[in-house]
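*Asks:* Below: one structure in structure tokens.
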Amino acid sequence: MDAGLSTVTPDIARAREALHRVFGFSAFRPGQEEILDAVFSGRDVMAVMPTGSGKSLLFQLPALLGEGLTLVVSPLIALMRDQVAQMRAYGVAAAALNSTSDGAERAAIYEGLEARQLRLLYVAPERLLRDDTLELLHHYRIDLLAIDEAHCVSQWGHDFRPEYMRLQEAAQALGRPKTIAVTATADGPTRADIAQRLFFREPRVFVRSFDRPNLFLAMRPKADATRQLWDAAQSHKGESGIIYCASRRRTEELAAEFSQRGRRALPYHAGLAPVVRAANQDAFLQEDGVVMCATVAFGMGVDKPDVRFVCHADMPSSIESYYQEIGRAGRDGLPADTLTLYGLGDIELRRRQIEEGNAPPERKRIEQEKLEDLVALCECARCRRQVLLGFFGEDCAPCGHCDVCKGAVRLIDGRIEAQKALSAVLRTEGRFFFGHLANILSGKATEAVERHGHDKLKTFGVGADRSPDGWRGVFRQLISARLITRDHGDRDRLVLTEAGRRALKGEAPFDLREDVLAPREKGARKAPLTPRDADADLYAALKALRAAMAKAANQPAYVIFPDRTLIEMAKEKPRNLVEMGEIHGVGEQKLEKFGPAFLAVVKDHA
Ligand code: ADP
Ligand code: ZN
């Protein structure tokens, strides 16, 4: 790693020292040092790195070491609040300026600026763009302008924010300071767009691998969704997780259902009163083991590092959003599980939403293609990580850490099934939903089947060995393999493609995924979070102390210490503050503030 840095610059040497002293981290994560080197050398930088890879450090460390101010533009107040709390816990002078700042906070900021003490100022884009803010900041030396979540600047990015478009104006007004833009999601066109809209000079662009090897990837057809999600959550008792739902109502239903069964679960969506939303988010951050049942309104800016599982109760909206959402699991690098449920209904619904939306035709086509990509990922018969990284332009070997690699997906010769299903499409002239066709194939004489005389068809009951649900799965795969398509000119009638016609005649092979729905197989592969040799009682006691301190300080637990730190304490059992200071994540400030209390607990268990 970093072969080019064999001779260490003085700046990098200072950065390494501060990494250890202030943050208590033993080494840089991949990419960090190389990017910091570019920043120190005066270059503008764009860094595209996956969630949890440690992008914040890229501007926090220069801020810490520099003389002037580092200005951080961040789109969300929650994100700022969190980072400011974290920085202060590390003993770094940081503040946030946004619509919630009151008079006292603003006065403290002016004082900090005037005394040249403030190292990091987080600011919301609309606030920065105000004349009074620019006028104020104009008087101080700005060493670095950092743009967090930089994909918001691009209309190609999926969280476009109009205020971000005007950041270049702000940079101009501030005398074009050195700039670093960081984001977790930007494909080629988005990167080009960011480069053009933010920078005055050609930035150095760093794109780190998108692989998150600690995440287990799994996708499953919806069978009994609530039970599937419950099992996933219960294989992580006492640990935090997020379940993303497509509707607000579903978040509330699921939270109620889980609560009734005895698991602490809370809803989160944009329709909740702000106080409720904030309270639920705080509970998720401060307590252990909360399941957040949320719409996609939740997550951006919540950088809780110890989320141990992320599920999708419904199919996400695109591969980018899928990856961003599961990326909220396991930011601390420890094992985490992900599970995405999808169903034919989801796919149909999305397709209709796109079709009936009022986007221009070109945009609709892009969205339809993004949807097809996602369906292809759901239905893939190859290593999921290979397929997923392929979408980001990366290659990898079969990963051994996804459901397909683990053999949860078996392929069988599906030639006969394909013939039966395709002929059902033809005999009903493509004018019926898959659910109806599935009933015909299974031989289920529903009212609708009888009304249309479909119980008289030759195809009726030819697939009685499979349930209607099983047949829906077959149709999903026929769509995914593009044997069936829709005739948009004829009310979306189902038609066979050329490949479909060949399959109907039995001329082409068709591999069918036989999803083995082994209901409880999950528990077996669950990696223990506490290392086997760590003292479990001690770990629990340390967590309890952390929870109490977090509650008292009204702060997220990980601002005190992340899980990894507590695990190491439980394992290493430091005997004094010097040994305590050697533990991962224990910098000098935290050692002074929290060290004695945690040491007392360790000694109690000695
Ligand atoms: P990102 O912004 O890329 O999603 P963060 O900057 O929030 O990620 O970092 C994720 C977590 O990793 C944080 O808890 C952070 O303190 C931690 N972290 C960052 N750099 C290192 C490092 N070099 N060693 C250990 N932990 C690190
Ligand atoms: Zn794999």
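*Asks:* Of ASP487, ASP492, ASP455, which residue is at pLDDT 80 or above and of a type outside the set (Val, Ile, Thr)?
*Replies:* ASP455
*Asks:* On to the next question. If you take the residues of segment 270-298 that are free of Cβ contacts under 8 Å to residues at least 60 places away in the same chain, surrounded by 16 or more Cβ atoms within 10 Å (Cβ to Cβ) and farther than 17 Å from LEU229 by Cβ, which of them is farthest from the chain's Cα centre (by Cα)?
*Replies:* LEU272
*Asks:* Quick one: what pairs do we get from segment 176-195, first residue in contact (Cβ under 8 Å) with a residue 12 or more places away in the chain, second within 16 Å of ligand 2 (Cβ to nearest atom) and not aliphatic (A, V, I, L, M), C-beta under 8 Å, 6+ apart or different chains?
*Replies:* THR185/TYR323; ASP187/PHE392
*Asks:* For segment 501-516, which positions are assigned to a loop (DSSP other than H, G, I, E, B) and either surrounded by 14 or more Cβ atoms within 10 Å (Cβ to Cβ) or of a type outside the set (Val, Ile, Thr) (or both)?
*Replies:* LYS505, GLY506, GLU507, ALA508, PRO509, PHE510
*Asks:* Collect the residues in segment 547-606 that are of a type in the set (Lys, Arg) and more than 22 Å from GLN83 (Cα to Cα), keeping them in residue-number order. Talk me through it step by step, then tell me what you get.
*Replies:* Let us first name the residues in segment 547-606 that are of a type in the set (Lys, Arg), namely 551, 564, 571, 573, 575, 590, 593, 603.
Once the filter is applied, which keeps residues that are of a type in the set (Lys, Arg) and more than 22 Å from GLN83 (Cα to Cα), segment 547-606 yields LYS571, LYS573, ARG575, LYS603.
*Asks:* Please go through segment 390-436 and give me each residue that is modelled with pLDDT of 85 or more and either aliphatic (A, V, I, L, M) or within 16 Å of ligand 1 (Cβ to nearest atom) (or both), ordered by number.
*Replies:* ALA397, VAL404, ILE416, ALA418, ALA421, LEU422, ALA424, VAL425, LEU426
*Asks:* Quick one: in segment 588-606, of everything that is of a type in the set (Asp, Glu) and in contact (Cβ under 8 Å) with a residue 12 or more places away in the chain, which residue is farthest from GLY289 (Cα to Cα)?
*Replies:* Within segment 588-606, the match that is farthest from GLY289 (Cα to Cα) is GLU588.
*Asks:* Of the numbered conditions (1) more than 11 Å from ligand 1 (Cβ to nearest atom); (2) surrounded by fewer than 23 Cβ atoms within 10 Å (Cβ to Cβ), ALA89 satisfies every one except a single condition; which is it?
*Replies:* (1)
*Asks:* Could you please give the count of residues in segment 462-500 that are crowded, with 19+ Cβ neighbours inside 10 Å and either over 34 Å from the mean Cα position of the chain (by Cα) or of a type in the set (Lys, Arg) (or both)?
*Replies:* The qualifying residues number 6.
*Asks:* Within segment 170-212, which residues are in contact with a strand residue (DSSP E or B) (Cβ under 8 Å, 6 or more places away or on another chain), of a type in the set (D, E, K, R) and assigned to a helix (DSSP H, G or I)?
*Replies:* Correct list: ARG191 only.
*Asks:* Scan segment 540-558 for residues that are farther than 20 Å from SER26 by Cβ and under 27 Å from the mean Cα position of the chain (by Cα) and jot them down.
*Replies:* Scanning segment 540-558 gives LYS543, ARG546, ALA547, ALA550, LYS551, ASN554, GLN555, PRO556, ALA557.
*Asks:* Name the residues in segment 73-106 that are within 10 Å of ALA124 (Cα to Cα), outside any helix (DSSP H, G or I) and at pLDDT below 90, would you?
*Replies:* Listed by number, the residues that qualify are PRO75, LEU76, ASN98, SER99.
*Asks:* What's the total number of residues in segment 398-408 that are touching a residue at least 24 places away in the same chain (Cβ under 8 Å) and near ligand 2 (Cβ under 10 Å from one of its atoms)?
*Replies:* Of the residues in segment 398-408, 6 are touching a residue at least 24 places away in the same chain (Cβ under 8 Å) and near ligand 2 (Cβ under 10 Å from one of its atoms).
*Asks:* Of all residues in segment 538-587, which are within 16 Å of ligand 1 (Cβ to nearest atom) and free of Cβ contacts under 8 Å to residues at least 12 places away in the same chain?
*Replies:* Listed by number, the list holds a single entry, GLU582.
*Asks:* Working only within segment 84-102, note down all residues that are touching a residue at least 60 places away in the same chain (Cβ under 8 Å) and not β-branched (Val, Ile, Thr).
*Replies:* ALA85, GLN86, ALA89, TYR90, GLY91 - these are the residues of segment 84-102 that are touching a residue at least 60 places away in the same chain (Cβ under 8 Å) and not β-branched (Val, Ile, Thr).
*Asks:* Kindly indicate the residue of segment 349-386 that is within 12 Å of ligand 2 (Cβ to nearest atom) and surrounded by fewer than 19 Cβ atoms within 10 Å (Cβ to Cβ) and also modelled with the highest pLDDT among those meeting that condition.
*Replies:* Among residues in segment 349-386 that are within 12 Å of ligand 2 (Cβ to nearest atom) and surrounded by fewer than 19 Cβ atoms within 10 Å (Cβ to Cβ), the one modelled with the highest pLDDT is GLN386.
*Asks:* Looking at segment 39-81, which of the residues that are under 19 Å from ASP143 (Cα atoms) and without any contact (Cβ under 8 Å) to a residue 60 or more places away in the chain is nearest to ligand 2 (Cβ to nearest atom)?
*Replies:* The qualifying residue nearest to ligand 2 (Cβ to nearest atom) is LEU57.
*Asks:* Which one of GLY327, GLY238, GLY271 is on the phi > 0 side of the Ramachandran plot and more than 16 Å from ligand 2 (Cβ to nearest atom)?
*Replies:* GLY238
The values are calculated or read from the model by the stated rules, or taken from the named source; none is laboratory data. Predicted, not measured: the structure shown is a model, and the values here were computed from it. Positions of Cβ are backbone-derived with ideal geometry, glycine not excepted, and every protein chain shown enters the neighbour counts.
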